[in-house]
């Protein structure tokens with residue numbers, strides 16, 4: 001991918017663990033590599049089709065000077081996050097923050113942190129079968145959209161489905177979302193739990209009724225198998241209420257475990273477990 005490089009931008013700021021570092025300040029050097037497509041800007045000679053590097057440099061300076069961090073690691077994270085959220089076209093950033101006057105009692109050139117951060121594509125399933133079902137699903141979309149580290153790209157239509165399992169309960173309303181996020185999977189899971197809790201979600205009965213259920217179906221092409229976090233979602237390939245809305249917004253979303261697209265998984269499910277006449281009418 002193409003990139004714009006701002007190298008060794010010198011910024012006087014007040015970061016450091018020692019009190020005198022925050023009081024007196026010192027120079028820092030910041031290098032930022034912004035990954036994006038530059039072809040359209042180059043072909044049309046149009047500034048609007050690229051990133052204005054003077055504007056990006058001002059953004060970096062603002063981030064570096066508006067807070068006083070103990071660690072340059074924190075400063076680097078803030079710079080990366082600011083650039084990725086400010087510019088939709090930038091998909092990845094490589095940020096280096098250098099501290100040439102760090103309080104080290106030895107001869108050295110500089111100390112530096114070097115991080116790479118990118119935007120990730122994730123697919124979420126949302127469902128509700130208590131109270132205002134549509135209102136709860138809309139609440140999930142709204143709360144996700146409010147998070148500065150999440151961009152909701154697509155939202156499926158909501159479909160009504162029968163509950164899964166042996167628990168007697170009302171029908172569900174289900175949908176799927178495509179999001180772009182700066183969060184890693186576990187951070188995203190924490191955000192999702194906060195939203196579910198905000199909707200009054202109680203985890204009392206496995207596969208029981210709920211005001212709001214949000215699941216991470218896919219996250220890039222990652223495979224994660226941990227006790228409380230499994231991506232791709234364990235049961236997604238066997239659930240019509242997941243695959244149908246997912247296929248609506250992203251038929252070619254890729255399941256890395258099965259090496260199949262969402263559309264292919266739906267075809268396979270239809271062959272193995274054809275929907276009943278009652279289900280087709282829903």
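Below, the figures for the structure above:
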item: Sites residue 111 and residue 145 - FRET efficiency at Förster radius 41 Å, r taken between beta-carbons, to 0.05; result: 0.60
item: Calculated [θ] (222 nm, deg cm²/dmol) that DSSP helices of n ≥ 4 give over the chain, each run adding -39,500 (n - 2.57); result: -10000 deg cm²/dmol
item: Full-extension gain in nm, residue 184 to residue 3, via 0.36 nm per residue minus C-alpha separation; result: 62.9 nm
item: Taking 37, 98, 259, 125 and counting other C-beta atoms within 10 Å, the order from fewest to most; result: 259, 37, 98, 125
item: Helix 133-146 vs. the chain, principal-axis angle (Cα, 0 to 90°, nearest 10); result: 10 degrees
item: Modelled FRET efficiency - R0 30 Å, residue 160 with residue 89, Cβ distances, 0.05 increments; result: 0.20
item: Between 0 and 90°, nearest 10: helix 262-272 axis offset from the chain longest Cα axis; result: 20 degrees
item: Length-normalised contact order of region 3-118 in % [C-alpha pairs under 8 Å, at least 6 apart]; result: 28 percent
item: Cβ-derived FRET efficiency at R0 45 Å, residue 37 paired with residue 171, nearest 0.05; result: 0.50
item: Distance in nm between pseudo-label sites at residue 228 and residue 46 (7 Å out along the Cβ direction from Cα); result: 4.8 nm
item: Among 240, 53, 158, residue whose mean-square fluctuation peaks in a GNM of the chain (springs only between Cα atoms under 10 Å); result: 53
item: Residue exposure sequence - 258, 108, 172 - by fewest surrounding Cβ within 10 Å; result: 108, 258, 172
item: Option label - volume of the Cα convex hull per residue in Å³ computed here, alternatives (1) 180; (2) 134; (3) 260; result: (1)
item: Region 120-281 - percent relative contact order, Cα under 8 Å, separation 6 or more; result: 26 percent
item: The chain, relative contact order in percent, only Cα pairs under 8 angstrom and at least six apart counted; result: 14 percent
item: Residue order, fewest to most surrounding Cβ atoms within 10 angstrom, among 176, 59; result: 59, 176
item: For the chain, built as a Gaussian network whose Cα springs stay under 10 Å, the top-fluctuating residue of 13, 32, 253; result: 13
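Every number here is computed from the coordinates shown, using simple stated rules; none is lab data. Note that the structure is predicted; figures quoted are calculated from it, not measured. Because the Cβ atoms are built from the backbone with ideal geometry, glycine has one as well, and the counts that use them run over all protein chains shown.
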